[in-house]
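The values are calculated or read from the model by the stated rules, or taken from the named source; none is laboratory data. If you're wondering where the values come from, they're calculated on a predicted model, not measured in any experiment. When we count neighbours, we look across all protein chains shown, and the Cβ atoms used for this are built from the backbone with ideal geometry, even at glycine.
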Amino acid sequence: MLVAPWRIGIDIGGTFTDVVAIDTNGRIEVLKSPSRPDDPTAGVMAALDALARRLDLSSKQLLGGCSMLVHGSTIATNTVLEGKGAKVGLLATKGFRDTLEIRRGIREEPWNHRPPFPNVLVPRRWRLPVGGRLDKDGVELAPLNEFDVKAASKAFKDAGVECVAVSFLHSYANGAHERTAMQILRSDWDPDAIFCSHEISPYAGEYGRTSSTVLAAYVSRRVVPYLRSLEGILRQNGLFGPLLLIQSNGGIASVDEIARNPACLLLSGPAAQVGALRHVAATAGTDNLISLEMGGTSCDLALMERGRVHSTDRIDIAGYLALVPSVDIHSVSAGGGSIARLDAGGMVTLGPDGAGSIPGPVCYRRGGQNPTNTDAQLVLGRLAPGPFAGGTLDLDEEAAKRALQRVYGDTIGLAPEAAALGVVELMDQNLRHAVEHVSAERGFDLRNFTLVAVGGAGALHATSVARSLGCSRVYIPRLAGVFCAFGMLNSDVRLDEVRTIRRSFDQSALQDLQGVAHDLETGLRARLMAYGEAGSHPIFSRHIDLNYLGQQSQLSVEWTDNDIEGIIASYEERYSLLYGHAHKHSPLMTCALRVSGSRRFPGVSIQETEGNEYAPQAASKRRVLVSRDSGPLNVSVYEGTALKPGAHLVGPAIINDMTTTVFIGNDDRLHVDASNNFVVELAVPAQGGAK
């Protein structure tokens with residue numbers, strides 16, 4: 001029985017909604033419930049009801065004892081992917097109404113000219129010009145034409161526009177024109193329907209700033225009403241503590257903060273890996289980690305180097321650019337529900353589309369017709385037929401075999417087991433490329449990192465992927481299948497501010513930046529203190545974006561003291577890591593100052609129990625196709641709940657745990673550490689892995 005007060009984390013995925021509750025004594029309860037893409041609020045309440053029933057509580061008792069509820073949601077991302085956002089009108093500086101359509105005039109893949117850009121979120125008839133001009137330093141060259149603003153506001157109302165984005169040239173240096181326009185618009189529009197670029201994304205570069213502001217407006221009509229409605233329903237059902245949201249930056253914030261900039265929710269959910277990886281680093285004995293978080297629909301990867309999860313200010317969602325502080329998450333369409341097919345040339349393909357939770361893989365027996373990665377794992381024997389995901393599903397192996405036979409056997413004569421092995425090997429290869437993207441392609445030596453296998457499906461692929469990359473160790477937390485929901489409860493409240501400052505970087509610039517940083521910290525402190533008295537005093541971190549004179553892109557380095565030589569050395573180290581060299585003694589330019597403020601709330605305590613080494617007894621054995629070389633073997637199957645600290649076993653083996661299934665290959669060695677998590681030492685990592 002949980003002891004109040006407790007905290008609850010809820011992460012809505014494409015297939016399952018994960019719930020983690022931690023009470024005042026550190027006891028943890030986890031639950032997985034089918035997601036409701038058609039009605040996310042109903043999905044959240046259904047998951048909470050299921051948790052209450054498990055704990056023999058009413059829903060009001062569960063919520064009444066909850067001191068904090070943290071929620072991660074893909075609603076902002078899905079709004080963009082599905083094209084179901086608000087009708088947005090854009091006010092732009094006269095002569096620049098087509099910035100959204102022109103973009104930056106470049107392609108991410110310069111030699112690939114065929115794919116069209118996505119549809120512009122604001123049609124040209126709703127992109128209206130406004131007179132007035134600022135120069136690059138924010139000095140007014142021509143006053144704002146207030147008549148243009150009033151005329152545009154009326155035109156938007158007549159056209160049925162729902163939100164207005166305001167993005168004037170060089171407003172990052174001076175937001176006065178945008179503030180005046182906002183005051184005029186407020187006579188016709190709700191303040192929550194007006195978004196100004198100097199508040200949403202105060203970066204230089206009109207395309208990125210305009211695109212970010214439009215995205216915030218576009219998702220707001222679904223995000224903000226959903227969150228306010230959910231908060232109201234939770235309050236009606238007895239929620240005692242606050243409803244907080246996980247942001248793209250890996251921190252948590254209130255509904256009111258999200259309403260200021262709904263684009264901060266674009267990576268909600270996966271960004272909770274920051275809090276979870278911080279906990280793993282404390283238990284795994286290393287702070288060089290790569291997370292492989294694989295669920296039913298996608299796989300999200302993040303890299304922690306020396307205890308710091310890398311961040312970015314650039315998110316690309318379906319071809320739309322958002323410049324907001326974010327965890328550097330790399331997402332690929334690779335999950336348990338990825339659909340396997342045969343292309344026109346007779347090649348096995350996998351994804352990018354998935355079966356979702358409904359109908360789901362064929363083996364779910366919910367009407368799915370296309371075989372998936374999960375079906376292939378079942379046919380190989382790595383998953384067992386019967387009850388699955390805490391008894392919420394019942395896996396049908398024969399249905400999976402029939403689906404693979406229909407797609408591959410009846411067309412190219414490939415038996416179901418052979419087809420299943422091909423599907424899983426293809427998934428392993430896709431995951432290898434994803435890991436390389438966040439590590440080797442950025443100059444990191446994979447031999448120095450531990451692969452953290454999380455998500456419901458991550459531990460089925462991790463050992464094979466790690467071996468092919470030259471890694472020697474895989475770490476699998478007990479809460480792997482609810483990793484992000486768990487991470488939400490180990491996350492800090494975090495707010496960010498950025499100021500674009502373009503000037504030479506020298507000692508004089510550093511002194512001026514001190515004053516700007518102090519002002520930003522003062523504003524952040526007031527907002528952070530609104531989160532009550534339970535957390536720590538506000539903690540601030542500063543970063544400076546720099547580049548060499550004449551360059552367009554920049555790198556961000558941490559600013560901890562006024563040692564300018566140390567800052568320059570940090571920049572040159574990062575530059576060398578990425579490009580293999582540095583232009584030492586070349587002039588540096590300041591591009592932007594970033595200040596992050598956070599308050600740390602009580603995290604998840606680390607509980608360790610030393611155990612004597614012992615060899616556990618297998619619960620059963622079953623026929624499993626382990627690899628192409630070894631063929632089918634009788635493999636030992638262990639129940640995860642029976643494995644205690646000190647347990648050691650040698651693969652091949654399968655472990656059925658609370659929220660995931662672990663598969664280890666021939667001669668791999670697994671032990672349960674003092675924190676009750678699984679550590680796998682791989683047998684002879686493949687030579688020539690990514691370095």
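Structure data summary
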item: Test: residue in the range 594-607 that is surrounded by fewer than 19 Cβ atoms within 10 Å (Cβ to Cβ) and either over 28 Å from the mean Cα position of the chain (by Cα) or among the acidic types (D, E) (or both); result: no
item: Tally of residues being of a type in the set (S, T, N, Q), assigned to a helix (DSSP H, G or I) and farther than 14 Å from M294 by Cβ across the range 438-466; result: 1
item: From the options G296, G336, residue that is at pLDDT below 85, within 19 Å of the chain's Cα centre (by Cα) and within 19 Å of A485 (Cα to Cα); result: G296
item: Filter result for A282 (crowded, with 18+ Cβ neighbours inside 10 Å and at pLDDT 90 or above); result: no
item: Contacts under 7 angstrom Cβ, first residue in the range 565-583 being assigned by TED's automatic domain parsing to the domain that holds S508 and more than 23 Å from S508 (Cβ to Cβ), partner of a type outside the set (F, W, Y) and at pLDDT below 90, 6 or more apart; result: L577/G443; L578/R442; L578/G443
item: The range 278-301, residues that are under 26 Å from H543 (Cα atoms) and not in a strand (DSSP E or B); result: R278, H279, V280, A281, A282, T286, D287, N288
item: Identity of the residue in the range 364-378, free of Cβ contacts under 8 Å to residues at least 60 places away in the same chain and over 24 Å from P37 (Cα atoms), that ends up surrounded by the fewest Cβ atoms within 10 Å (Cβ to Cβ); result: L378
item: Any hit, the range 524-538, residues being modelled with pLDDT under 95, farther than 28 Å from Q607 by Cα and loosely packed, with under 13 Cβ neighbours inside 10 Å; result: yes
item: Verdict on G250 being farther than 23 Å from P37 by Cβ and surrounded by 24 or more Cβ atoms within 10 Å (Cβ to Cβ); result: yes
item: Strands (runs of 3 or more DSSP E) contained entirely in the range 55-159, each with at least 3 residues that are farther than 30 Å from Q552 by Cβ; result: 66-72
item: Only listed residue being out of contact with any helix residue (DSSP H, G or I) (no Cβ under 8 Å at 6 or more places or on another chain), free of Cβ contacts under 8 Å to residues at least 24 places away in the same chain and crowded, with 16+ Cβ neighbours inside 10 Å, chosen from L57, L2; result: L57
item: Which numbered condition L134 fails, given (1) over 24 Å from the mean Cα position of the chain (by Cα); (2) of a type outside the set (S, T, Y); (3) closer than 30 Å to F483 by Cβ; result: (3)
item: Among the candidates R235, R228, R179, R222, residue that is among the basic types (K, R) and farther than 30 Å from D49 by Cβ; result: R179
item: Which listed residue, of P361, P387, is buried (at least 17 other Cβ atoms within 10 Å of the Cβ) and modelled with pLDDT under 95; result: P361
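Matching residues to (1) surrounded by fewer than 22 Cβ atoms within 10 Å (Cβ to Cβ); (2) closer than 21 Å to L323 by Cα:
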| site | (1), (2) |
| --- | --- |
| A151 | yes, no |
| A159 | yes, no |
| G175 | yes, yes |
| L185 | no, no |
| T210 | no, yes |
